[in-house]
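The values are calculated or read from the model by the stated rules, or taken from the named source; none is laboratory data. The structure presented is a predicted model; accordingly, all values stated were derived computationally and were not measured. Here Cβ is always computed from backbone atoms with ideal geometry, including for glycine, and neighbour counts include all displayed protein chains.
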Amino acid sequence: MKYLEPKKLILIGASTGGPAHIEKIATVLPENFGASIVVAQHMGNEFIPSFAKRLNERSKLTVSQAREGDTLHAGCLYIVSEHAEIIQNGEHLTFCIKTNPHAHFNPDINTLFLSAAHFVGRCEILAFILTGIGDDGVDGCVRLEQEGARCIAESEKTAVVYGMPARAKERGANIHAKDLHEIIEIIKQFGA
(Lines give C-alpha, C1' and ligand atoms only; values in the text may rest on other atoms or scores of the structure.)
Protein backbone atom coordinates (compact mmCIF):
# COMPACT_ATOMS: atom_id res chain seq x y z
CA MET A 1 0.00 0.00 0.00
CA LYS A 2 1.38 3.41 -0.96
CA TYR A 3 2.19 6.08 1.58
CA LEU A 4 -0.56 8.64 2.11
CA GLU A 5 0.29 12.05 3.54
CA PRO A 6 -0.10 12.45 6.50
CA LYS A 7 0.99 9.39 8.51
CA LYS A 8 -0.95 10.68 11.52
CA LEU A 9 -4.36 12.33 11.44
CA ILE A 10 -6.24 14.02 14.29
CA LEU A 11 -9.96 14.69 13.92
CA ILE A 12 -11.80 17.06 16.25
CA GLY A 13 -15.54 17.60 16.35
CA ALA A 14 -17.06 20.32 18.53
CA SER A 15 -20.10 22.52 18.94
CA THR A 16 -21.17 24.83 21.79
CA GLY A 17 -18.09 25.94 23.73
CA GLY A 18 -15.75 24.47 21.14
CA PRO A 19 -13.93 27.53 19.75
CA ALA A 20 -12.18 28.33 23.05
CA HIS A 21 -11.21 24.67 23.51
CA ILE A 22 -9.84 24.42 19.98
CA GLU A 23 -7.84 27.60 20.53
CA LYS A 24 -6.34 26.12 23.71
CA ILE A 25 -5.27 23.07 21.71
CA ALA A 26 -3.92 24.98 18.68
CA THR A 27 -1.86 27.45 20.70
CA VAL A 28 0.22 24.87 22.59
CA LEU A 29 1.34 22.66 19.72
CA PRO A 30 4.90 22.97 18.38
CA GLU A 31 5.85 24.13 14.89
CA ASN A 32 7.26 20.70 13.98
CA PHE A 33 4.03 18.89 14.94
CA GLY A 34 3.97 15.51 13.20
CA ALA A 35 0.26 15.14 12.46
CA SER A 36 -2.43 16.81 10.42
CA ILE A 37 -5.41 18.17 12.39
CA VAL A 38 -8.88 18.54 10.90
CA VAL A 39 -11.47 20.43 12.94
CA ALA A 40 -15.23 20.38 12.41
CA GLN A 41 -16.56 23.18 14.65
CA HIS A 42 -20.25 23.98 14.33
CA MET A 43 -20.51 27.60 13.15
CA GLY A 44 -21.82 29.59 10.23
CA ASN A 45 -19.73 29.72 7.06
CA GLU A 46 -19.34 33.48 7.47
CA PHE A 47 -17.41 32.97 10.75
CA ILE A 48 -15.04 30.19 9.64
CA PRO A 49 -12.48 32.40 7.80
CA SER A 50 -12.05 34.72 10.79
CA PHE A 51 -11.83 31.75 13.18
CA ALA A 52 -9.10 30.17 11.03
CA LYS A 53 -7.26 33.50 10.77
CA ARG A 54 -7.38 34.03 14.55
CA LEU A 55 -5.99 30.54 15.18
CA ASN A 56 -3.29 31.00 12.54
CA GLU A 57 -2.14 34.22 14.25
CA ARG A 58 -1.92 32.50 17.65
CA SER A 59 -0.63 29.06 16.68
CA LYS A 60 2.77 27.78 15.55
CA LEU A 61 0.90 25.49 13.14
CA THR A 62 -0.32 26.61 9.74
CA VAL A 63 -4.08 27.07 10.20
CA SER A 64 -6.47 27.55 7.30
CA GLN A 65 -10.00 26.95 6.15
CA ALA A 66 -10.11 23.69 4.18
CA ARG A 67 -10.87 24.22 0.52
CA GLU A 68 -11.95 21.77 -2.15
CA GLY A 69 -8.92 19.78 -3.32
CA ASP A 70 -6.54 20.91 -0.55
CA THR A 71 -3.97 18.23 0.33
CA LEU A 72 -3.56 17.36 4.01
CA HIS A 73 -0.07 17.95 5.42
CA ALA A 74 1.52 17.30 8.80
CA GLY A 75 1.92 20.43 10.92
CA CYS A 76 -1.25 21.97 9.50
CA LEU A 77 -4.65 22.51 11.11
CA TYR A 78 -7.67 22.73 8.83
CA ILE A 79 -11.10 24.14 9.72
CA VAL A 80 -13.77 22.48 7.57
CA SER A 81 -17.20 23.65 6.49
CA GLU A 82 -20.31 22.13 4.93
CA HIS A 83 -20.10 18.39 4.21
CA ALA A 84 -16.32 18.01 4.15
CA GLU A 85 -14.92 14.59 3.37
CA ILE A 86 -11.37 13.31 3.30
CA ILE A 87 -10.72 11.39 0.10
CA GLN A 88 -7.74 9.79 -1.60
CA ASN A 89 -6.45 11.62 -4.65
CA GLY A 90 -3.52 9.69 -6.09
CA GLU A 91 -1.07 9.20 -3.22
CA HIS A 92 -2.49 12.05 -1.16
CA LEU A 93 -5.40 12.71 1.14
CA THR A 94 -7.42 15.73 0.04
CA PHE A 95 -10.67 17.48 0.91
CA CYS A 96 -13.91 17.09 -0.97
CA ILE A 97 -16.42 19.72 0.20
CA LYS A 98 -20.07 19.50 -0.74
CA THR A 99 -23.02 21.75 0.03
CA ASN A 100 -26.17 20.18 1.42
CA PRO A 101 -29.06 22.65 1.84
CA HIS A 102 -30.86 20.14 4.08
CA ALA A 103 -27.95 19.68 6.51
CA HIS A 104 -28.71 20.12 10.20
CA PHE A 105 -25.14 21.08 11.07
CA ASN A 106 -22.39 23.18 9.51
CA PRO A 107 -20.00 21.52 9.26
CA ASP A 108 -21.30 17.99 9.62
CA ILE A 109 -18.97 16.11 11.98
CA ASN A 110 -20.37 12.70 11.06
CA THR A 111 -19.60 13.27 7.37
CA LEU A 112 -15.97 14.12 8.15
CA PHE A 113 -15.44 11.26 10.62
CA LEU A 114 -17.14 8.64 8.43
CA SER A 115 -15.00 9.63 5.44
CA ALA A 116 -11.82 9.28 7.51
CA ALA A 117 -12.79 5.77 8.65
CA HIS A 118 -11.71 4.50 5.20
CA PHE A 119 -8.10 5.39 6.02
CA VAL A 120 -7.70 3.65 9.37
CA GLY A 121 -4.73 1.34 8.90
CA ARG A 122 -3.24 3.51 6.14
CA CYS A 123 -2.55 6.27 8.64
CA GLU A 124 -2.84 6.45 12.40
CA ILE A 125 -6.07 8.23 13.39
CA LEU A 126 -7.00 9.86 16.69
CA ALA A 127 -10.50 11.37 16.99
CA PHE A 128 -12.07 13.61 19.62
CA ILE A 129 -15.62 14.65 20.37
CA LEU A 130 -15.49 17.85 22.38
CA THR A 131 -18.17 19.95 24.03
CA GLY A 132 -21.51 20.37 22.29
CA ILE A 133 -25.25 19.84 22.20
CA GLY A 134 -26.79 16.83 20.49
CA ASP A 135 -25.12 13.85 18.88
CA ASP A 136 -23.36 15.02 15.71
CA GLY A 137 -20.15 13.06 15.28
CA VAL A 138 -21.24 10.11 17.38
CA ASP A 139 -21.97 7.77 14.44
CA GLY A 140 -18.65 8.69 12.87
CA CYS A 141 -16.78 8.24 16.13
CA VAL A 142 -18.29 4.81 16.67
CA ARG A 143 -17.39 3.80 13.10
CA LEU A 144 -13.80 5.04 13.52
CA GLU A 145 -13.53 3.08 16.75
CA GLN A 146 -14.87 -0.07 15.05
CA GLU A 147 -12.23 0.32 12.32
CA GLY A 148 -9.46 0.56 14.92
CA ALA A 149 -8.97 4.29 15.47
CA ARG A 150 -8.56 5.67 18.98
CA CYS A 151 -11.53 7.87 19.94
CA ILE A 152 -11.87 10.07 23.01
CA ALA A 153 -14.78 12.12 24.34
CA GLU A 154 -14.32 15.22 26.46
CA SER A 155 -15.27 14.72 30.11
CA GLU A 156 -18.31 16.21 31.75
CA LYS A 157 -15.93 18.11 34.04
CA THR A 158 -14.44 20.27 31.27
CA ALA A 159 -17.14 20.21 28.55
CA VAL A 160 -19.19 23.40 28.41
CA VAL A 161 -22.11 21.25 27.25
CA TYR A 162 -21.91 17.51 27.89
CA GLY A 163 -24.17 16.37 25.04
CA MET A 164 -22.06 15.10 22.13
CA PRO A 165 -19.31 13.67 24.37
CA ALA A 166 -21.85 11.89 26.58
CA ARG A 167 -23.56 10.29 23.55
CA ALA A 168 -20.21 9.17 22.13
CA LYS A 169 -19.15 7.63 25.43
CA GLU A 170 -22.51 5.83 25.76
CA ARG A 171 -22.37 4.37 22.24
CA GLY A 172 -18.70 3.56 21.85
CA ALA A 173 -17.45 0.52 23.73
CA ASN A 174 -13.90 1.86 23.99
CA ILE A 175 -14.53 5.61 23.91
CA HIS A 176 -13.28 7.02 27.19
CA ALA A 177 -13.79 10.49 28.67
CA LYS A 178 -10.81 12.77 29.31
CA ASP A 179 -10.53 16.29 30.69
CA LEU A 180 -9.43 18.96 28.22
CA HIS A 181 -5.92 19.22 29.70
CA GLU A 182 -5.53 15.44 29.28
CA ILE A 183 -6.75 15.69 25.69
CA ILE A 184 -4.14 18.36 25.00
CA GLU A 185 -1.38 16.12 26.39
CA ILE A 186 -2.59 13.15 24.31
CA ILE A 187 -2.53 15.32 21.17
CA LYS A 188 0.98 16.60 21.96
CA GLN A 189 2.29 13.05 22.42
CA PHE A 190 0.55 11.79 19.28
CA GLY A 191 2.20 14.44 17.12
CA ALA A 192 5.64 14.27 18.74
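Kindly list, by first and then second residue, each pair from a residue in the stretch 125-143 that is modelled with pLDDT of 95 or more and in a strand (DSSP E or B) to a residue that is among the aromatic types (Phe, Trp, Tyr) and buried (at least 24 other Cβ atoms within 10 Å of the Cβ), limited to pairs with Cβ atoms under 7 Å and residues at least 6 apart or on different chains.
Within 7 Å, the pairs are 127/113.
Hey, residue 71 hits all of (1) free of Cβ contacts under 8 Å to residues at least 60 places away in the same chain; (2) under 28 Å from residue 32 (Cα atoms); (3) among the hydroxyl-bearing types (Ser, Thr, Tyr) but one; which does it fall short on?
The failed condition is (1).
Among the residues of the stretch 78-87, how many are on the phi < 0 side of the Ramachandran plot and modelled with pLDDT under 95? Talk me through it step by step, then tell me what you get.
Taking the stretch 78-87 first, the residues on the phi < 0 side of the Ramachandran plot are 78-81, 83-87.
Remaining after also requiring modelled with pLDDT under 95: 81, 83.
Within the stretch 78-87, residues that are on the phi < 0 side of the Ramachandran plot and modelled with pLDDT under 95 number 2.
Pick from the stretch 81-100 the residues that are among the polar types (S, T, N, Q) and not in a strand (DSSP E or B): which of them is surrounded by the fewest Cβ atoms within 10 Å (Cβ to Cβ)? I'd like the intermediate steps shown before the answer.
To start, the set of residues in the stretch 81-100 that are among the polar types (S, T, N, Q) comprises 81, 88-89, 94, 99-100.
Filter again for not in a strand (DSSP E or B), leaving 81, 99-100.
Values: 81: 23, 99: 10, 100: 12.
The selected residue is 99.
Go through the stretch 173-192 and give me each residue that's closer than 17 Å to residue 143 by Cβ and crowded, with 21+ Cβ neighbours inside 10 Å.
If the condition is that a residue be closer than 17 Å to residue 143 by Cβ and crowded, with 21+ Cβ neighbours inside 10 Å, then 175 is the only one that fits.
Here are 51, 95, 33: which of them is at pLDDT 95 or above and under 14 Å from the mean Cα position of the chain (by Cα)? Show your work before the answer.
Details: 51 fails: under 14 Å from the mean Cα position of the chain (by Cα); 33 fails: under 14 Å from the mean Cα position of the chain (by Cα).
When all the criteria are applied, what remains is 95.
Quick one: count up the residues across the stretch 1-46 that are of a type in the set (A, V, I, L, M, F, W, C) and surrounded by fewer than 17 Cβ atoms within 10 Å (Cβ to Cβ). Before the answer, list the steps.
If we filter the stretch 1-46 for residues that are of a type in the set (A, V, I, L, M, F, W, C), which is where we start, we get 1, 4, 9-12, 14, 20, 22, 25-26, 28-29, 33, 35, 37-40, 43.
Still in the running and surrounded by fewer than 17 Cβ atoms within 10 Å (Cβ to Cβ): 1, 20, 28.
Final tally of qualifying residues: 3.
Given (1) buried (at least 18 other Cβ atoms within 10 Å of the Cβ); (2) under 21 Å from residue 186 (Cα atoms); (3) not acidic (Asp, Glu), identify the lone condition not met by residue 111.
So the condition that residue 111 fails would be (2).
Each row is one residue, and each column tells you yes or no for (1) under 22 Å from residue 119 (Cβ atoms); (2) in contact (Cβ under 8 Å) with a residue 60 or more places away in the chain.
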{"residue": "5", "(1), (2)": "yes, yes"}
{"residue": "76", "(1), (2)": "yes, no"}
{"residue": "91", "(1), (2)": "yes, yes"}
{"residue": "103", "(1), (2)": "no, no"}
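Is there a residue in the stretch 153-167 that is aromatic (Phe, Trp, Tyr), within 23 Å of residue 5 (Cα to Cα), more than 14 Å from the chain's Cα centre (by Cα) and surrounded by fewer than 22 Cβ atoms within 10 Å (Cβ to Cβ)? Break it down stepwise before answering.
The initial filter retains those residues of the stretch 153-167 that are aromatic (Phe, Trp, Tyr), namely 162.
From the residues that got through so far, the ones that are within 23 Å of residue 5 (Cα to Cα) too are none.
Looking through the stretch 153-167, none of the residues is aromatic (Phe, Trp, Tyr), within 23 Å of residue 5 (Cα to Cα), more than 14 Å from the chain's Cα centre (by Cα) and surrounded by fewer than 22 Cβ atoms within 10 Å (Cβ to Cβ).
Does the stretch 144-162 hold any residues that are in a helix (DSSP H, G or I) and touching a Gly at 6+ places or on another chain (Cβ under 7 Å), and which are they?
Initially, the stretch 144-162 is screened for residues in a helix (DSSP H, G or I), giving 144-147.
If the condition is that a residue be in a helix (DSSP H, G or I) and touching a Gly at 6+ places or on another chain (Cβ under 7 Å), then 145 is the only one that fits.
Looking for something in a loop (DSSP other than H, G, I, E, B) and on the phi > 0 side of the Ramachandran plot - is there at least one such residue anywhere in the stretch 163-181?
To start, the set of residues in the stretch 163-181 that are in a loop (DSSP other than H, G, I, E, B) comprises 163, 172-175, 179.
Then keep just the ones that are on the phi > 0 side of the Ramachandran plot; that gives none.
No; the residues of the stretch 163-181 include none that is in a loop (DSSP other than H, G, I, E, B) and on the phi > 0 side of the Ramachandran plot.
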